[in-house]
Amino acid sequence: MTHGVGRKWQGKLAYIDLFSGPGRSIVRGSQEVVDGSPVLALNYEFARYIFVDIPEVLSCLKKRLAGHPKFSQIVFIEGDCNEVIEEVRFASPADHLMLAFIDPTGLQIRFRTIQRLVQNRSVDLLMTSSSEWVSGEI
Ligand SMILES: C[S@@+](CC[C@H](N)C(=O)[O-])C[C@H]1O[C@@H](n2cnc3c(N)ncnc32)[C@H](O)[C@@H]1O
């Protein structure tokens with residue numbers, strides 16, 4: 001994305017990770033340790049990075065990223081993303097193009113939260129999902 005956008009957004013890109021995780025994961029099966037989405041995102045040129053997770057997890061991420069050259073560009077927001085969505089909006093520059101990554105472990109995010117996230121903003125959404133979350137017909 002950071003290579004593909006036009007001049008309009010040059011220098012005005014922000015990354016939002018609503019379920020950021022601790023910055024490192026272990027792949028089930030192989031036990032391989034891999035960087036998590038917030039760490040990977042920092043390899044790309046965004047002006048601001050907004051990471052949201054519950055306090056215990058976010059404090060791990062904060063420790064992991066202490067000393068990172070882009071630390072001053074990161075906003076850490078603790079809590080249930082549904083409850084802190086107004087803080088997320090406040091931290092998201094309205095004149096930026098945002099990439100919002102939504103990577104829950106289940107059906108935690110409310111549709112209203114997504115509506116609010118994108119309201120009057122330019123946001124590209126990338127969301128993971130699993131058929132295991134839904135039992136029966138929907
Ligand atoms: C699948 S993991 C995210 C993995 C991460 N994207 C990565 O690539 O390493 C889901 C994360 O969502 C967090 N989480 C669960 N419910 C949440 C909620 N309501 N609001 C914010 N974070 C939540 C969990 O603590 C967990 O760290």
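Key figures
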{"quantity": "Under the Karplus curve 6.51 cos²θ - 1.76 cosθ + 1.60, θ = phi - 60°, whole-Hz ³J(HN,Hα) for region 118-128, x wherever Gly or Pro sits", "calculated": "9, 4, 6, 10, 9, 9, 9, 9, 10, 10, 8"}
{"quantity": "For the chain, Kirkwood radius (reciprocal of mean inverse C-alpha pair distance, Å)", "calculated": "15.8 Å"}
{"quantity": "Cut-off under 5 Å, modelled amide H: who pairs with MET127 long-range", "calculated": "ILE102"}
{"quantity": "Positive dipole terminus of region 83-138, leading residue within THR105, SER129, GLN115 (C-beta point charges)", "calculated": "GLN115"}
{"quantity": "Top of ARG110, ARG24, ARG64 by mean-square fluctuation, Gaussian network on the chain, Cα under 10 Å", "calculated": "ARG110"}
{"quantity": "Distant-in-sequence amide H partners of ARG24 (H built 1.01 Å from N, under 5 Å)", "calculated": "GLY36"}
{"quantity": "Accessible area in square angstrom per residue, region 11-130, 1.4 angstrom probe", "calculated": "55 Å²"}
{"quantity": "Phi-based couplings in Hz for region 10-23 (Karplus 6.51, -1.76, 1.60; Gly and Pro marked x)", "calculated": "4, x, 10, 10, 10, 10, 10, 10, 6, 10, 5, x, x, x"}
{"quantity": "Simple label model, 7 Å out from Cα along Cβ direction - ILE54 to VAL33, nm", "calculated": "2.3 nm"}
{"quantity": "Full-extension gain in nm, GLU83 to LEU125, via 0.36 nm per residue minus C-alpha separation", "calculated": "13.2 nm"}
{"quantity": "Relative packing of 65-76, 43-54, which averages over residues the other C-beta atoms within 10 Å, highest first", "calculated": "43-54, 65-76"}
{"quantity": "Cut-off 13 Å, label 7 Å out along Cα→Cβ of ARG112, residues of region 65-101 by amide N", "calculated": "82-86"}
{"quantity": "Solvent-accessible area, 1.4 Å probe, carbon plus sulfur percent, for region 11-130", "calculated": "54 percent"}
{"quantity": "Environment charge at ILE77 (Cβ cut-off 15 Å; Lys +1, Arg +1, Asp -1, Glu -1)", "calculated": "-4"}
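The values are calculated or read from the model by the stated rules, or taken from the named source; none is laboratory data. Remember, it's a predicted structure, so these values are computed and weren't measured experimentally. Note that we place each Cβ from the backbone using ideal geometry, even for glycine, and neighbour counts take in every protein chain shown. In case anyone asks, the SASA skips ligands and DNA or RNA and just uses the protein heavy atoms, side chains included. Shrake-Rupley method; radii C 1.70, N 1.55, O 1.52, S 1.80 Å.
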